[in-house]
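For reference, the structure is listed below as structure tokens.
The values are calculated or read from the model by the stated rules, or taken from the named source; none is laboratory data. Quantities reported herein were computed from a predicted structural model and do not represent experimental measurements. So basically every Cβ, Gly included, is an ideal-geometry build from the backbone, and we count neighbours across all protein chains shown.
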Amino acid sequence: MNKQNLTSRNVKEFNFLAKYYDSSIFSWFFKNSYKKVKKQLGDIQGKNILSIACGTGTLEINLARLNSNAKIVGFDLSQEMLRIAQEKIGDLKNIQFSEGNVENLPFPDQSFDKIVCVHAFHHFSDSEKALKEMQRVLVANGTLLIFDAVKETFLGKLFIFIVENFIEPGVKHFSKEEWMKLLQESGYKNVEIQKVNSFHAFFMGTKI
Ligand SMILES: C[S@@+](CC[C@H](N)C(=O)[O-])C[C@H]1O[C@@H](n2cnc3c(N)ncnc32)[C@H](O)[C@@H]1O
């Protein structure tokens, strides 16, 4: 599938899924990973945080509630996902949502201290461009934290084979070695990969 087709499929797919997303089995399953992501993000008080492909904003709103001095921006391609996220904000003042494609972020250089991207990187049609855009909007020494599936264990590889061939053709997952290369070649130092379970890992780097 070419890049443009994958992006327009993502818009259609996630605009359609948005109204079911928070009550789906995925949402229940994803909540468990948000706990791990919050722990891994560490102290974010006083920081500017960008969450790429935030979906309906569950993790982001929780981060904003727990860290009143942090500024959180949730970014996503799907207008419908963001509409639901916006409805859930209530009276929170330290969070906002923005719509667009990760390959062309509408933020100035060096805008964010930390960037997080959860359960979404495999959907991006141009992985290098996405990583370089995230690098551009990070401050010097700012950090990137990605949570996604990794081609590592037998179970992980089987899961990815099923997803890539039968469930969502066109999505892309990488091995640990491929992740290392991608991050290092996109302007990140201190690149680290931390296995979370048989399927998932954290992929981390600091802006050079
Ligand atoms: C599986 S959902 C994950 C959402 C959220 N991070 C979570 O943990 O529930 C994937 C999200 O990626 C978004 N997405 C896909 N391609 C994108 C792109 N090129 N730029 C920005 N967001 C994108 C989709 O709209 C969708 O909301």
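For first residues located in the range 12-39 and more than 24 Å from L66 (Cβ to Cβ) and at pLDDT 95 or above, partners that are part of a helix (DSSP H, G or I) and more than 9 Å from the ligand (Cβ to nearest atom) and lie 6+ apart or on another chain with Cβ distances below 6 Å form the pairs A18/I84. From the list I44, I72, I84, the lone residue that is β-branched (V, I, T), at pLDDT 95 or above, outside any loop (DSSP other than H, G, I, E, B) and within 24 Å of L138 (Cβ to Cβ) is I72. Within the range 41-69, the set of residues being touching a Phe, Trp or Tyr at 6+ places or on another chain (Cβ under 7 Å) and over 30 Å from K19 (Cβ atoms) comprises N48 only.
Taking the numbered list (1) more than 8 Å from the ligand (Cβ to nearest atom); (2) assigned to a helix (DSSP H, G or I) in turn, N10 passes all entries but (1).
With the structure loaded, tell me whether F147 is over 12 Å from the mean Cα position of the chain (by Cα) and in contact (Cβ under 8 Å) with a residue 40 or more places away in the chain or whether it fails that test. So F147 fails the test.
Conditions tested, residue by residue: (1) on the phi > 0 side of the Ramachandran plot; (2) surrounded by 18 or more Cβ atoms within 10 Å (Cβ to Cβ); (3) away from the ligand (no atom under 13 Å from the Cβ); (4) not charged (D, E, K, R).
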position: N32; (1), (2), (3), (4): no, no, no, yes
position: K35; (1), (2), (3), (4): no, no, no, no
position: Q40; (1), (2), (3), (4): no, no, yes, yes
position: D43; (1), (2), (3), (4): no, no, yes, no
position: T58; (1), (2), (3), (4): no, yes, no, yes
position: A70; (1), (2), (3), (4): no, yes, yes, yes
position: D76; (1), (2), (3), (4): no, yes, no, no
position: Q110; (1), (2), (3), (4): yes, no, yes, yes
position: L145; (1), (2), (3), (4): no, yes, no, yes
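Take the conditions (1) closer than 25 Å to D43 by Cα; (2) of a type outside the set (A, V, I, L, M); (3) touching an Asp or Glu at 6+ places or on another chain (Cβ under 9 Å); Q194 misses just one of them, which is (3).
Restricting attention to the range 87-106, the residues that are within 13 Å of the ligand (Cβ to nearest atom) and either closer than 18 Å to Y21 by Cβ or not small (G, A, S) (or both) total 9.
When the criteria are applied in full, S51 meets the requirement of being in contact with an Asp or Glu (Cβ under 6 Å, 6 or more places away or on another chain), within 8 Å of the ligand (Cβ to nearest atom) and not acidic (D, E).
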